[in-house]
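Asker: Here's a structure for you.
The values are calculated or read from the model by the stated rules, or taken from the named source; none is laboratory data. Because the structure is a prediction, the values reported are computed rather than measured. Heads up, the Cβs are rebuilt from the backbone with ideal geometry, glycines too, and the neighbour counts pull from every protein chain shown.
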């Protein structure tokens, strides 16, 4: 069995959540076991170890679970991207589409030096809207998006299409 | 200079945030540097390494930044505590006081086995309200709170008084 298949066994399917017809992929059983948690972090980080990444950027809240751990694993710093009004310093903002309406994400203006190589980390790649907005925030600060790493990719939502031109890495696919 | 003093140099004071008279302790500069990020995780984890902790529990959003990293450092699993409606499975909830009104935190009912030794991790100990609610959630599941570890303690808010009887560890104090 591959590492990905083994991790997938610890993802719990919750049917009809958050609404009828949608299957929610719940990673809490995977987080709860030391071996699967450690493997998830290692497999997220592995392609980028030694790749000169200086910052890992992750979006609240679930992205934070992996962001700092992956940053430590590859010897990078960590930069949080947050919902509006949560970061205390001066920020840049980018909008992204929700099913109905839009939302915004913010990054501190001093979060990156120009030219830094950045890895964006999140738990799930769905439509790619938040990941694309995060990549734009990095580029607003003249950072270079060296990759985007996801624990889970919901391939049928075609998030990779929205991230065309970027290096996209997913540990487990559906 | 002690490790704590060195970390403190990378905490940015933001005066009058979120309101006049309050100084916000912004840890983003500390997160951004690989050496200080790594030291913060190591110093949070150190007193509990080898202490038989099986789960680290942390509260969204900022607690997530350290929770999984500390769990990995001490060989434990990770359990998220979240705001209402965010966890997809069956939950228990506990209320805690805000300055005006109350809010609630939730934990999955199957997040712990009875008797597990739990470390609660968060970035800041302020009044201790969310930490106390998190400890109650752990105890609702018959878990044993073996300690509560915070990167920063705002001692003048007397959060330790609300956590009397627990082992409380803070890396940096104000």
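Table: residues versus (1) outside any helix (DSSP H, G or I); (2) over 16 Å from the mean Cα position of the chain (by Cα).
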residue	(1), (2)
A:64	no, no
A:88	yes, yes
A:92	yes, yes
A:95	yes, yes
A:105	yes, no
A:112	yes, yes
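Asker: For residue A:70, indicate whether it is closer than 20 Å to residue A:170 by Cβ, within 10 Å of another protein chain (Cβ to nearest Cβ) and assigned to a helix (DSSP H, G or I).
Answerer: yes
Asker: May I pose another question? Quickly run through region A:137-160 and pick out the residues that are more than 14 Å from chain B (Cβ to nearest Cβ) and more than 14 Å from the chain's Cα centre (by Cα).
Answerer: Residues satisfying the conditions are A:139, A:140, A:142, A:144, A:155, A:156, A:157, A:158.
Asker: Which members of region A:73-86 meet the condition of being within 24 Å of residue B:83 (Cα to Cα) and part of a helix (DSSP H, G or I)? Before the answer, list the steps.
Answerer: Let us first name the residues in region A:73-86 that are within 24 Å of residue B:83 (Cα to Cα), namely A:78-86.
Across region A:73-86, there are no qualifying residues.
Table: residues versus (1) more than 21 Å from residue B:70 (Cα to Cα); (2) at the interface with chain B (Cβ under 9 Å from one of its Cβ atoms); (3) assigned to a helix (DSSP H, G or I).
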residue: A:20; (1), (2), (3): yes, no, no
residue: A:29; (1), (2), (3): no, yes, yes
residue: A:38; (1), (2), (3): no, yes, yes
residue: A:58; (1), (2), (3): no, yes, no
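Asker: How many of the residues making up region B:133-147 are out of contact with any strand residue (DSSP E or B) (no Cβ under 9 Å at 6 or more places or on another chain) and assigned to a strand (DSSP E or B)?
Answerer: Summing the residues that are out of contact with any strand residue (DSSP E or B) (no Cβ under 9 Å at 6 or more places or on another chain) and assigned to a strand (DSSP E or B) in region B:133-147 gives 0.
Asker: What is the number of the single condition among (1) modelled with pLDDT of 95 or more; (2) out of contact with any strand residue (DSSP E or B) (no Cβ under 7 Å at 6 or more places or on another chain) that residue A:97 does not meet?
Answerer: (1)
Asker: Which one of these is more than 7 Å from chain A (Cβ to nearest Cβ) and under 30 Å from residue B:140 (Cβ atoms): B:8, B:86? Give the steps one after another, and end with the answer.
Answerer: On the way: B:8 fails: under 30 Å from residue B:140 (Cβ atoms).
Going through B:8, B:86 in turn, just one is more than 7 Å from chain A (Cβ to nearest Cβ) and under 30 Å from residue B:140 (Cβ atoms): B:86.
Asker: Return yes or no: is residue B:141 surrounded by 14 or more Cβ atoms within 10 Å (Cβ to Cβ) and under 27 Å from residue B:12 (Cα atoms)?
Answerer: no
Per-residue answers, yes or no, for (1) in contact with a strand residue (DSSP E or B) (Cβ under 8 Å, 6 or more places away or on another chain); (2) crowded, with 22+ Cβ neighbours inside 10 Å:
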{"position": "B:108", "(1), (2)": "yes, yes"}
{"position": "B:117", "(1), (2)": "yes, no"}
{"position": "B:124", "(1), (2)": "yes, no"}
{"position": "B:149", "(1), (2)": "yes, yes"}
{"position": "B:160", "(1), (2)": "yes, no"}
{"position": "B:165", "(1), (2)": "no, no"}
